[in-house]
Amino acid sequence: MHRDGAVVADDPAAVHDLCVTKATTELHDADLRVSDVAWVPWTGDVMAEVVLVKGGPGPAEASGGGALTGQDGEAIRKALEALGFDSPKVFCTLSRPSGPIDAAEAARRICEQVETVDPQAVIALDGTAASDLAAAFGLPRLEPGKTRAHHGRTFLALDGFEASLGTTSRKRKVWNQLRNLKPRGSAW
């Protein structure tokens with residue numbers, strides 16, 4: 001690889017920077033391929049070990065925030081940290097915009113995002129995200145709380161993470177589902 005005419009293959013930081021730039025470009029391109037749709041901006045680390053997928057916008061996103069920038073994003077990061085994941089190494093996205101979208105376009109976009117980030121785990125935070133991820137990767141229905149290995153990744157669906165925040169019993173249920181995911185360590 002070259003940057004400004006210099007060989008950077010022996011410089012891990014330079015290689016990492018090039019990978020981040022390439023991934024960021026690919027993620028923006030994935031958004032642009034879906035025409036006439038106003039996406040909630042994705043957030044987080046494009047070299048993440050975990051991708052969090054929420055079906056549609058919640059209160060924080062509807063008021064102009066990026067994906068999972070509200071109370072649900074804070075709560076899921078704390079939960080992942082409690083499980084041993086590096087919470088800053090998380091990429092957050094929505095599988096659906098606030099308006100209508102063709103299901104095939106949504107599936108194509110979410111597949112491109114996950115393939116670009118190349119995480120060890122993908123978590124569907126609700127039923128819509130689980131359905132969209134299953135369609136994107138040709139998987140059977142993702143059952144809440146059951147991990148599914150596919151092409152070197154672990155997929156996990158949760159039974160409505162954001163909705164669980166208001167009820168202790170639902171929080172407990174979703175926490176038990178999330179505990180089925182185990183960190184493997186970071187490639188970076």
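Any read-out appearing in this document is the output of simple, stated calculations on the displayed coordinates, not a laboratory observation. As the structure is a computational prediction, the values presented were derived from the model and not from experiment. No Cβ is skipped: glycine too gets one built from the backbone with ideal geometry, and neighbour counts run over all protein chains shown.
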Do any residues in the stretch 112-136 that are farther than 24 Å from residue 25 by Cβ have Cβ atoms under 6 Å from those of residues that are aromatic (Phe, Trp, Tyr) and surrounded by fewer than 19 Cβ atoms within 10 Å (Cβ to Cβ), where the two are at least six apart or on different chains, and which pairs are they? none
Every residue from the stretch 98-125 that is in a loop (DSSP other than H, G, I, E, B), surrounded by fewer than 20 Cβ atoms within 10 Å (Cβ to Cβ) and not hydroxyl-bearing (Ser, Thr, Tyr): 99, 100, 101, 102, 118
Scan the stretch 141-188 for residues that are on the phi > 0 side of the Ramachandran plot and surrounded by 12 or more Cβ atoms within 10 Å (Cβ to Cβ) and jot them down. 145, 160
With the requirement that a residue be touching a residue at least 24 places away in the same chain (Cβ under 8 Å) and either among the aliphatic types (A, V, I, L, M) or surrounded by 15 or more Cβ atoms within 10 Å (Cβ to Cβ) (or both), what does the stretch 27-40 give you? 27, 30, 31, 34, 37, 38, 39, 40
Test residue 129 against the stated conditions and say whether it is assigned to a helix (DSSP H, G or I) and in contact with a strand residue (DSSP E or B) (Cβ under 8 Å, 6 or more places away or on another chain). yes
Candidates 154, 168 - the one that is among the hydroxyl-bearing types (Ser, Thr, Tyr) and in contact (Cβ under 8 Å) with a residue 12 or more places away in the chain: 154
Within the group 67, 13, 60, which residue is over 18 Å from residue 183 (Cα atoms), without any contact (Cβ under 8 Å) to a residue 24 or more places away in the chain and in contact with a Leu (Cβ under 8 Å, 6 or more places away or on another chain)? 60
Residues being among the aliphatic types (A, V, I, L, M), farther than 20 Å from residue 65 by Cα and part of a helix (DSSP H, G or I) - total across the stretch 75-97: 3
